[in-house]
């Protein structure tokens, strides 16, 4: 893995930087990272009322975290009406989760198995994409958005 990190990091390292200098960035690549917690907020509508339920998956074993998360999606959120939403989820969270699920030898839940789908067929909601309003060079952190809209967040 060390040789593979050296090769992977060579594409983005500065000339004077070594692979070990760039190692602090390895965790953002699914091939070298590990999921330690997945937290989800679920909006439940019952009798016209909406409530937010929060569930966190954590364990010493990444495979169990991913299996429990995948089971939740497959068992309860596997219909056309179900959507995933995250800030920068299309570019980071959803691909990262999918890769870690496969690396751990698990089956991809239908909701994140988007292989072969056209962009308009992928029903994921990305709050960063929504906030861009079509501006491709724009980045706004979730922290900044929650602050400017006065939304409580840990």
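The values are calculated or read from the model by the stated rules, or taken from the named source; none is laboratory data. Since the structure is predicted, the reported quantities are computational estimates derived from the model, not experimental observations. Note that we place each Cβ from the backbone using ideal geometry, even for glycine, and neighbour counts take in every protein chain shown.
When 38, 65 are checked against the criterion of being at pLDDT 90 or above and not assigned by TED's automatic domain parsing to the domain that holds residue 118, 38 stands alone in meeting it. Being more than 13 Å from the chain's Cα centre (by Cα) and either more than 20 Å from residue 128 (Cβ to Cβ) or touching a residue at least 40 places away in the same chain (Cβ under 8 Å) (or both) holds for only one residue in 13, 99, and it is 13. When the test is whether a residue is under 24 Å from residue 53 (Cα atoms) and in contact with a helix residue (DSSP H, G or I) (Cβ under 9 Å, 6 or more places away or on another chain), residue 67 passes it. Filtering 108, 151 for residues that are modelled with pLDDT of 90 or more and touching a helix residue (DSSP H, G or I) at 6+ places or on another chain (Cβ under 7 Å) leaves a single hit, 108.
Flag not set for residue 83, criterion: touching a residue at least 24 places away in the same chain (Cβ under 8 Å), assigned by TED's automatic domain parsing to the domain that holds residue 138 and farther than 24 Å from residue 145 by Cβ. Taking the criterion of being outside any helix (DSSP H, G or I) and modelled with pLDDT of 90 or more, would at least one residue in the stretch 89-103 satisfy it? No, because not a single residue in the stretch 89-103 is outside any helix (DSSP H, G or I) and modelled with pLDDT of 90 or more. State yes or no: is residue 150 more than 23 Å from residue 26 (Cα to Cα) and surrounded by fewer than 14 Cβ atoms within 10 Å (Cβ to Cβ)? Answer is yes for this residue.
Scan the stretch 111-148 for residues that are touching a helix residue (DSSP H, G or I) at 6+ places or on another chain (Cβ under 9 Å), under 22 Å from residue 76 (Cβ atoms) and either outside the structural domain of residue 77 (by TED's automatic domain parsing) or assigned to a loop (DSSP other than H, G, I, E, B) (or both) and the total you get is 5. Pairs meeting the criteria (first residue in the stretch 128-139 and farther than 17 Å from residue 93 by Cα, second residue in a helix (DSSP H, G or I), beta carbons under 6 Å, at least 6 apart or on different chains) are 138/132. Please specify each residue of the stretch 102-118 satisfying the condition of being in contact (Cβ under 8 Å) with a residue 12 or more places away in the chain and closer than 20 Å to residue 28 by Cβ. Result: 103, 104, 112. On the stretch given as the stretch 40-75, residues that are exposed (fewer than 11 other Cβ atoms within 10 Å of the Cβ) and either assigned to a helix (DSSP H, G or I) or in contact with a strand residue (DSSP E or B) (Cβ under 9 Å, 6 or more places away or on another chain) (or both) total 11.
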